[in-house]
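To start, the structure under review is shown below, and the notes come after it.
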Amino acid sequence: MGYYINETSKGEALPASGKAMMLIKDGAKVVQPEFQPNLVCVVDNGFFEAAGYCHSESEFQAFNNPTDSRPKVWLVHPEAEKLAK
């Protein structure tokens, strides 16, 4: 897991919490956890959230590990690839 989204398409920094809502306001749509282009998984780590870009099937599988019980929100953002670093 290596590419993360830390800002919106307008260059606004994503907050430590509330990343999914900010990405939705920026054009993302909530989806079911299945691999597709521009897939983003927002993982709640407790003190902060991480918005991971699932750029491949194996990356998706890593985020969708059934033994990982952290809360997740799955999104498709039209500019996910460009925003991921």
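Just so you know, all these numbers are worked out from the coordinates, no wet-lab data involved. Source: prediction; values computed, not measured. We place every Cβ from the backbone using ideal geometry, glycine too, and count neighbours over all the protein chains shown.
Numbers below:
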| quantity | calculated |
| --- | --- |
| Leading residue by the ranking (farthest from P15 (Cα to Cα)) among those in region 28-85 that are of a type in the set (S, T, N, Q) and in contact (Cβ under 8 Å) with a residue 40 or more places away in the chain | Q36 |
| Matching residues, region 39-75, being over 15 Å from Y3 (Cα atoms), under 12 Å from the mean Cα position of the chain (by Cα) and charged (D, E, K, R) | D44, K72 |
| Residue count, region 1-43 (criterion: assigned to a loop (DSSP other than H, G, I, E, B) and charged (D, E, K, R)) | 4 |
| Selection within region 1-36 - over 12 Å from the mean Cα position of the chain (by Cα) and not polar (S, T, N, Q) | K10, G11, E12, A13, P15, A16, K25, D26, G27, E34, F35 |
| Residues that are free of Cβ contacts under 8 Å to residues at least 40 places away in the same chain and either in contact with a helix residue (DSSP H, G or I) (Cβ under 6 Å, 6 or more places away or on another chain) or acidic (D, E) (or both), drawn from region 1-27 | E12, L14 |
| Residues (among the small types (G, A, S), exposed (fewer than 12 other Cβ atoms within 10 Å of the Cβ) and assigned to a helix (DSSP H, G or I)) located in region 46-85 | S58 |
